[in-house]
Amino acid sequence: MTASNPPAETAVEPGPPAPIGRTLGIARPAARRLVLASLLGAGAVGAAIGLMATAAWLLSRAAQHPSESALAVAIVLVQFFGLSRGFLRYGERLVGHDAAFRVLAVQRVRIYKNLERLAPAGLPAFRSGDLLSRLVADVDSLQELILRVIPPFAIAVLVGTATVGLVWALLPAAGLVLAATLLASATIVPWLTGTLARRSESNQAALRGELTASVVDLIEGASELAVYGATEAQLARISTDDRELTAVATSSAATAGIGLGLTTLLSGLAAWGILVVGVPAVHSGRLGGVWLAVVALIPLAAFELVSGLPAATQTLQRARRTAARLFAIIDVPDPVPEAVHTVETPAPPVDLEVRALWAGYPGAPHPVLRGIDLSLPTGRRVAIVGPSGAGKSTLAAVLLGFLPIEAGSVRLNGTSTAQLSGDDLRTLVGLVGQDAHLFDTSVAENLRIGRRAATDADLREVIGRVGLGTWLESLPSGLATQVGRFGARVSGGQRQRLAVARALLADFPVLVLDEPAEHLDLDAADALTADLLAVTEGRSTVLITHRLAGLENVDEILVVIGGRVAERGSHVELLECGASYAALWWNEANAERGAKELLNMRLTDESPRAGSPEMCAGDHISVRSVAQ
């Protein structure tokens, strides 16, 4: 069983939306491609405006029945603008999506590295389903920031300025009308939709994460929910989350509709306003009649520049919320800070020394381990026993570098583990936990995680060493057999043995076995423990267990109670001491063998009677009781 659980933590919430500057900074890895995409997009919109203006001039001029040569240039320009618009739009989409996918790849790797940095002590702050939503859905949604926020504003500034300048050159009053309506569409409407979106988008990402978490809980806990009749309640919770998310999406769509409607209205006002100032200009001779059609129709194409800005502002609000959820992962402090200056990794074989170790979980009011001492020379095997909550698994986490050291030291060949990077430390100290994970792939691929270069012969050899040789031969697909999700197609004992085989392939100089037989029945647990002790003979091993069967084969046993070493010695010496270990052993024996058999057991005449005071005091034997 887990020796000590981390303190309950409040789920990490993103809080307020991320600053706009930091949100836009996500696009920095693809800045050059975004510039190119914006230029291509500006060219495409410019071609659309040029097509509209040229077509308007051509139709108006053609109504005057000029010679064909007078229309030749306009005809060529119509063809040019029509073809170039399509090619430029295609180029913009191609380059823009390439930039977006590159940003997503960078962010997904960045988030995963931070999750790896937080594992395992920092991950309980996040629900598993919500964490999945952040890694997948939230990162995917960032492509909207790349495609629908940054380029539209850049294109509007570039082409909008040029278009207003063109119309101003033809008729200043018309240019003023176009500038005013475009500016209103580019500022007031996006501000309004942004304000509305700030309300509707405030918790969309969080609701999506909550819905994902609820669905994952339903799938992973389907059997337990069915047994306790809680399936309907969980489905009702999912339905509630779905309704809330649907309401937010509906509000978001309404906001988008408002923005589009206002932009369309301003587009119409621009056209009518230009006609109002243009018709008198034609009558006064300040503007030719052919050019009136040009300045009147340009707004219809020019408003393509700003039609996407309200949606872009809305998307930016959504992206800021999404970014805040991602930054919540990135900004979480490292549970175990990496060494500022690392030293060379000690070369195997290594001696492990733990001296006066104090350690606990971040945020916990009190340390779990209190002055632990442990010596593990090369090839020695030590068992750590004690009641649940004593600190056994906490010690394993510290040895692996998953928890920080508050006081004392852990050294490998005299080098403090605080001077090693986490990756270097875990090349020397390996772990087989009580919930060993098997990936949803083949037996071979699960084992090769320990050593990628392992051959099939290596895999069969190590499988035989952990007692699964006959089982492997019985499989129709052999090493290619799929183990299923979380190893669902193998038994608990087989899963643990495969995990041990994987660790043996990795050939860790120090191997930590944390309750490897925890979830097995008594016979299977004893059989696995016996095989583990056989296969680890001659290998530096720390066996953490609450089962005492087979511990007569280890070199030393440490009894940990309340985070302290209460007793230490061999199996025989601790039984003779008659203190905590003896009580644990007798309780276990009583439960398994029955009281009648225990009554027939006798201590040898050479052994002092269990519980006599001289057995636990003094240094004349190797047993030391440090409990006060």
Among the numbered criteria (1) among the aliphatic types (A, V, I, L, M); (2) surrounded by fewer than 20 Cβ atoms within 10 Å (Cβ to Cβ); (3) within 24 Å of the chain's Cα centre (by Cα), which single criterion is violated by A347?
(3)
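Please find, within segment 537-564, the residue that is farthest from L369 (Cα to Cα) out of those that are in a loop (DSSP other than H, G, I, E, B) and aliphatic (A, V, I, L, M).
Taking segment 537-564 first, the residues in a loop (DSSP other than H, G, I, E, B) are 537-539, 545-550, 554-555, 562-563.
Subsequent filtering for residues that are aliphatic (A, V, I, L, M) retains 548-549, 554.
Numbers: L548: 22, A549: 25, V554: 23 Å.
Going through the qualifying residues, I end up with A549.
Table: residues versus (1) closer than 22 Å to S388 by Cα; (2) in contact with an Asp or Glu (Cβ under 8 Å, 6 or more places away or on another chain); (3) among the acidic types (D, E).
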{"position": "L475", "(1), (2), (3)": "no, no, no"}
{"position": "G484", "(1), (2), (3)": "no, yes, no"}
{"position": "G493", "(1), (2), (3)": "yes, no, no"}
{"position": "V500", "(1), (2), (3)": "no, no, no"}
{"position": "A506", "(1), (2), (3)": "no, no, no"}
{"position": "V510", "(1), (2), (3)": "no, no, no"}
{"position": "T529", "(1), (2), (3)": "yes, no, no"}
{"position": "V535", "(1), (2), (3)": "no, no, no"}
Failed criterion for D440 (all others in (1) of a type outside the set (F, W, Y); (2) modelled with pLDDT of 90 or more; (3) exposed (fewer than 15 other Cβ atoms within 10 Å of the Cβ) hold)
(2)
Give the residues of segment 316-342 that are touching a Leu at 6+ places or on another chain (Cβ under 7 Å), within 22 Å of P152 (Cα to Cα) and polar (S, T, N, Q), sorted by residue number.
T322
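With G379, G430 as the choices, which residue is assigned by TED's automatic domain parsing to the domain that holds A356 and in a strand (DSSP E or B)? It would help to see each step written out before you state the result.
On the way: G379 fails: in a strand (DSSP E or B).
One residue alone meets the criteria, G430.
Among the residues of segment 54-94, which ones are assigned to a loop (DSSP other than H, G, I, E, B) and under 26 Å from A37 (Cβ atoms)? Spell out the reasoning first.
Let us first name the residues in segment 54-94 that are assigned to a loop (DSSP other than H, G, I, E, B), namely 63-67.
Scanning segment 54-94 gives no hits.
Each row is one residue, and each column tells you yes or no for (1) in the same structural domain as L131 (by TED's automatic domain parsing); (2) surrounded by fewer than 18 Cβ atoms within 10 Å (Cβ to Cβ); (3) in a helix (DSSP H, G or I); (4) among the aliphatic types (A, V, I, L, M).
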| position | (1), (2), (3), (4) |
| --- | --- |
| L158 | yes, no, yes, yes |
| T181 | yes, no, yes, no |
| P190 | yes, no, yes, no |
| L196 | yes, no, yes, yes |
| L207 | yes, no, yes, yes |
| S214 | yes, no, yes, no |
| T246 | yes, yes, yes, no |
| A249 | yes, yes, yes, yes |
| L260 | yes, yes, yes, yes |
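Only one of these is within 24 Å of the chain's Cα centre (by Cα) and basic (K, R): R448, R460. Name it. Write out each step before concluding.
Details: R460 fails: within 24 Å of the chain's Cα centre (by Cα).
Result: R448 is the single residue among R448, R460 that is within 24 Å of the chain's Cα centre (by Cα) and basic (K, R).
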Matching entry among G371, G379 (being more than 20 Å from P335 (Cβ to Cβ) and in contact with a Phe, Trp or Tyr (Cβ under 8 Å, 6 or more places away or on another chain)):
G371
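The values are calculated or read from the model by the stated rules, or taken from the named source; none is laboratory data. None of the values given here were measured: they were computed from a predicted structure. Cβ atoms come from the backbone with ideal geometry, glycine included; neighbour counts cover every protein chain shown.
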